[in-house]
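Derivation of every value follows stated rules applied to the coordinates shown; laboratory data play no part. In this text, all values refer to a predicted model and were calculated from it rather than measured experimentally. Methodologically, a virtual Cβ is constructed for each residue, glycine included, from the backbone with ideal geometry; neighbour enumeration extends over all protein chains shown.
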Amino acid sequence: HYQTDADGLCTRLKLSVPKKSEPEFSVDLQEFEKPGWTIKLDDLKLGEVLGKGEFG
């Protein structure tokens, strides 16, 4: 998108970095759950939407 239209950026993107097919690392969810770094879905209360899009 930003290669054809700057869309708010200070300059148009000339060349994007190619995406790799697979990530170079993986995350072990249990390593976050053990020390309490995760939030259970039942503990969340969703309210009104504050924004939209990737920058919302």
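At a 10 angstrom cut-off on C-beta neighbours, averaged per residue, how do the peptides 17-25, 37-45 rank from highest to lowest? Can you show the working numbers first?
Working: 17-25: 5.4, 37-45: 7.7.
Per-residue Cβ counts within 10 Å, averaged per peptide and sorted highest first, yield 37-45, 17-25.
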Handout entry: Lysine pair count for the chain [Cα-Cα under 30 Å; pairs on different chains or 8 or more apart]
Key = 5
Completion exercise
Placing each pseudo-label 7 Å from Cα in the direction of the beta carbon, Ser21 and Trp37 end up separated by a distance in nanometres of 3.0 nm
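Counting each DSSP H run of 4 or more residues in the chain as -39500 (n - 2.57), what helix-only mean residue ellipticity at 222 nm follows after dividing by all residues, to the nearest 500 deg cm²/dmol? Before the final figure, lay out each step's value.
Working: 1 runs with 5 residues, N = 56.
Counting only the DSSP helices, I get -1500 deg cm²/dmol.
Can you tell me how the chain classifies by the Cα gyration tensor, rounded, prolate or oblate, using a/c under 1.5 as the rounded cut?
Numbers: a/c = 4.25, a/b = 1.51, b/c = 2.82.
Here the chain falls in the oblate category.
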